[in-house]
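Undergrad: This is the structure I want to talk about, given as structure tokens.
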Amino acid sequence: MKHTCNYLFLLLLLLPLLHACNGDVFVDEVKVPLTEATLDGDGDTLTLRFNTSEWQLSNVYNKEFTGVFAGTFYTLDGTDMGRTNCLLDGKGKIVVDYAPYEMTFIRPNDRELQILLGDNPKNEPFEFILTVGDKNYFQQEEIRITQQPGSGYVIDRIEYDPVPKDVHTRIEEDNYLIDCTDDPVTRTYNLSKRMRRCFTFHGDADLYLVPTGDEPPTIIAPAADISQGVKPGTDRIEYYRYGYNMLFVDMEPPVMRTLTLKPGFTSIMRLAEYQIYTAYYTLHLRNVKTGNPRTVQGSIKCTNPIEAITAYPKHHGNSDKVIK
């Protein structure tokens, strides 16, 4: 009985040591093959090979650790298994949703992780962080990935959805011109000249668009007449993801108005009727280095003049301010 108690006492003393050694004895230590990597901006693939099958991809974060990437998990034969926060602890594939970037993680076997990146569509590095460790979460290691800026895109063409949205008309006022005179005078103006067509863009991706020669990226603006649906017109305008552009057009027939001006500066304020609508579009792009195509969806709000209505003078000052 005395010997039995001694054995139990020794066993109790050894338990903490056995527990401390458990991670080294019973769990294979996951050794990450690298801690950082730089990939090509025009699409690249990186394969990581591990020393054990007891590893898992635990999470993927943006570089500030403020957001966790998520996507759809597929089996290797393509079966959709639902959403995941980039946890990959067995064979399979995760297609990440993180527009405008294209990112896929594949575990083709027990010891490899493949990272597939599409074009970096921005003119700046794309950085993210993987956390990889053992399946029991005793150990977690970080791998920092940097994708270089892509080569950019040129615009091949734009296609408009033929069905316009939110079509309506309204009366708008604009400053047609500023006139000046030393003496009171009566003048006649053609209000149908230099009427404004306005375009407001809203794109779904912040892409690096490369100028063609000395010209900025341009698109063909939609035609003003949408009676047969939205179609490309004949005018080219500069493309913006978020922005505003304008064309000046002369309308027919002319609308003439005669106004009496006071000495000094006078703004001729014009009232006109406009048609406003929104058109959805698909922008077809091409990578300038690889030639790979890419499409981007967006919308453009168009304000098109229908006809000038009238004008009135807005006097600003005396004749002694007139520049001769």
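Undergrad: Restricting segment 63-81 to residues that are of a type outside the set (A, V, I, L, M, F, W, C) and either touching a Ser or Thr at 6+ places or on another chain (Cβ under 7 Å) or within 21 Å of Ala37 (Cβ to Cβ) (or both), which is surrounded by the fewest Cβ atoms within 10 Å (Cβ to Cβ)?
TA: Glu64
Undergrad: Considering Asp235, Asp183, Asp214, Asp204, which residue is among the acidic types (Asp, Glu), within 17 Å of Tyr280 (Cα to Cα) and either modelled with pLDDT of 95 or more or open to solvent by 30 Å² or more (accessible area, probe 1.4 Å) (or both)?
TA: Criteria check complete, one pass: Asp204.
Undergrad: Working only within segment 238-257, note down all residues that are touching a Phe, Trp or Tyr at 6+ places or on another chain (Cβ under 8 Å) and touching a residue at least 60 places away in the same chain (Cβ under 8 Å).
TA: Of everything in segment 238-257, those that are touching a Phe, Trp or Tyr at 6+ places or on another chain (Cβ under 8 Å) and touching a residue at least 60 places away in the same chain (Cβ under 8 Å) turn out to be Tyr239, Met256, Arg257.
Undergrad: So Trp55 ticks every box in (1) over 25 Å from the mean Cα position of the chain (by Cα); (2) at pLDDT 95 or above; (3) open to solvent by less than 20 Å² (accessible area, probe 1.4 Å); (4) not polar (S, T, N, Q) but one. Which box is left unticked?
TA: (2)
Undergrad: Another question about this same structure. Gly291: open to solvent by less than 50 Å² (accessible area, probe 1.4 Å) and outside any strand (DSSP E or B), yes or no?
TA: For Gly291, the condition - open to solvent by less than 50 Å² (accessible area, probe 1.4 Å) and outside any strand (DSSP E or B) - is met.
Undergrad: In this structure, is Tyr312 surrounded by fewer than 16 Cβ atoms within 10 Å (Cβ to Cβ), farther than 30 Å from Pro121 by Cα and of a type in the set (Phe, Trp, Tyr)?
TA: It is true that Tyr312 is surrounded by fewer than 16 Cβ atoms within 10 Å (Cβ to Cβ), farther than 30 Å from Pro121 by Cα and of a type in the set (Phe, Trp, Tyr).
Undergrad: In segment 26-52, which residue that is modelled with pLDDT under 95 and out of contact with any strand residue (DSSP E or B) (no Cβ under 7 Å at 6 or more places or on another chain) is surrounded by the fewest Cβ atoms within 10 Å (Cβ to Cβ)?
TA: Phe26
Undergrad: Considering only residues that are in contact with an Asp or Glu (Cβ under 7 Å, 6 or more places away or on another chain), under 18 Å from Gly118 (Cα atoms) and hydroxyl-bearing (Ser, Thr, Tyr), which ones fall in segment 36-55?
TA: Within segment 36-55, Thr47 is the sole residue that qualifies.
Undergrad: Going by the conditions given, is Tyr244 open to solvent by 70 Å² or more (accessible area, probe 1.4 Å), of a type outside the set (Lys, Arg), assigned to a strand (DSSP E or B) and closer than 25 Å to Pro162 by Cα?
TA: When the stated conditions are applied, Tyr244 passes them.
Undergrad: If you don't mind, another one. Being part of a strand (DSSP E or B), farther than 21 Å from Arg157 by Cβ and touching a His at 6+ places or on another chain (Cβ under 7 Å) narrows it down to one residue among Ile268, Ile276; which is it?
TA: Ile276
The values are calculated or read from the model by the stated rules, or taken from the named source; none is laboratory data. Everything quoted here is computed from the prediction, not taken from an experiment. Neighbour counts are summed over all protein chains in view; Cβ atoms, including those assigned to glycine, are modelled from backbone coordinates with ideal geometry. For the accessible areas, the whole protein counts, side chains as well, though only heavy atoms, and no ligand, DNA or RNA atoms are used. Shrake-Rupley method; radii C 1.70, N 1.55, O 1.52, S 1.80 Å.
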